[in-house]
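A short reminder: the numbers here are calculations on the coordinates, not readings from a lab. Note that the structure is a prediction, hence the values are computed from the model and not measured. Note that we place each Cβ from the backbone using ideal geometry, even for glycine, and neighbour counts take in every protein chain shown.
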Amino acid sequence: MKYICSRCNKTEDITTHKPACECGGLWKLDYRNNKFSNTMIVKEHWNMMRYKNFIPVNSKTWAEISLGEGMTPMVRLNKNLLLKMDYLMPTLSFKDRGAAVLIAHCRDIGVKSVVQDSSGNAGNSIAAYCARAGIDCEIFVPEGASEKKIEMIKSHNAEVTVVPGSRDHCADVCRKKVQTEGKYYANHVYNPFFYEGTKTYIYEVYEELKYIPQNIYVPLGNGTLFIGIMKGLEDLLAAGLIEKMPQIIAVQSENCAPIAEAVKNREKTPADINISSTLAEGIAIGRPMRGPEILDYIYKYSIDVITAPENRISKAKAELAAEEIYIEDTTAATYAAYLKYSQSRESNVESLLPMCGAGLKK
């Protein structure tokens with residue numbers, strides 16, 4: 001198993017501390033997991049570790065730092081809508097799926113200190129698992145990030161650096177520290193081990209339902225969940241457990257939609273856009289670093305890319321809160337997009353939405 005550069009195809013040992021290839025390409029993981037099957041699920045684990053036979057990380061290390069992540073319930077909101085409650089995680093967001101696997105890998109290769117940039121959820125998750133693993137951690141967050149998220153990050157004994165400006169500028173500042181100080185970049189976008197964790201979202205859906213719903217909605221900023229879902233679905237296809245790819249509907253912010261704009265013109269890289277303020281801060285990514293990879297998936301599988309109407313996000317959040325489902329604004333944006341999209345499409349189709357982050361963090 002090695003890293004392979006997404007741009008020049010150079011290979012690198014997975015023990016490297018380099019965040020990316022010298023050419024600037026991001027690493028992909030040259031790994032073919034066992035064919036997914038019910039017989040290889042380790043059912044004595046009631047957490048993500050039940051899928052350890054399909055994930056390329058030392059299971060002993062993972063067990064030592066695990067916080068019980070995964071196996072989140074699904075709620076049927078109505079006849080045609082399933083919600084997977086992925087905020088019911090140790091740090092209250094789906095990012096624990098990827099953080100657990102990535103930090104287990106970090107510990108295995110001897111990493112002592114990491115940095116990460118995040119609007120909140122990923123940083124909180126990385127900080128929690130670093131604390132569990134005994135790894136020092138510094139999280140860079142953009143100004144305007146939720147104070148509650150910052151408090152949670154600090155509670156895990158991580159250092160927090162607030163960066164003035166946009167989310168993209170925050171990432172630039174963090175990566176500068178990686179370059180100048182040689183810190184390990186435990187980033188949910190750059191490091192492909194993160195996606196080996198988020199793909200378990202699909203494993204759980206299939207194991208519980210014994211099928212995959214016709215429509216799957218995915219919030220799309222950096223592609224953290226999107227890429228994981230695509231990997232999981234490709235595993236099910238390869239195993240012959242599903243006959244075809246379901247209809248994926250990727251959701252961007254109406255005020256920050258570089259992928260949606262690129263798709264309009266069949267471009268291979270994200271569009272240059274002007275970013276406006278949005279409640280959906282978790283997907284407000286103007287320069288998604290894995291944009292070409294995301295667009296490859298979109299064109300390969302005829303994925304729809306839609307935008308969440310900004311003026312309906314708060315109402316969507318209130319509607320779910322009235323159903324005792326209290327989520328943060330970015331998750332509400334996905335539901336707002338679903339309501340808008342389903343009005344113009346066939347309504348008698350079962351859809352699945354991820355409830356990614358708890359509203360208590362706002």
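Are any residues in the range 2-52 of a type in the set (A, V, I, L, M) and in a loop (DSSP other than H, G, I, E, B), and if so, which ones? Steps first, answer last, please.
Going residue by residue through the range 2-52, those that are of a type in the set (A, V, I, L, M) are 4, 14, 20, 26, 29, 40-42, 48-49.
Scanning the range 2-52 gives 14, 20, 26, 41, 42.
For the range 166-222, the helices (runs of 4 or more DSSP H) that sit wholly inside it and include 2 or more residues that are of a type in the set (Ser, Thr, Tyr) are 193-198, 200-209. Listed by first and then second residue, the pairs with beta-carbon distance under 9 Å, at least 6 apart or on different chains, first residue in the range 151-163 and at positive phi, second surrounded by 14 or more Cβ atoms within 10 Å (Cβ to Cβ) and assigned to a strand (DSSP E or B), are 157/136; 157/137.
What number of residues within the range 97-114 are surrounded by 24 or more Cβ atoms within 10 Å (Cβ to Cβ) and within 24 Å of residue 173 (Cα to Cα)? The qualifying residues number 6.
Select from the range 31-57 the residues that are surrounded by fewer than 14 Cβ atoms within 10 Å (Cβ to Cβ) and under 22 Å from the mean Cα position of the chain (by Cα) and write down the one among them that is farthest from residue 222 (Cα to Cα). Checked the range 31-57; the qualifying residue farthest from residue 222 (Cα to Cα) is 46.
Given the structure, is residue 82 surrounded by 16 or more Cβ atoms within 10 Å (Cβ to Cβ) and in contact with a Pro (Cβ under 7 Å, 6 or more places away or on another chain)?
yes
Filtering the range 275-301 to residues that are hydrophobic (A, V, I, L, M, F, W, C), farther than 15 Å from residue 167 by Cβ and in contact (Cβ under 8 Å) with a residue 40 or more places away in the chain leaves 294, 298.
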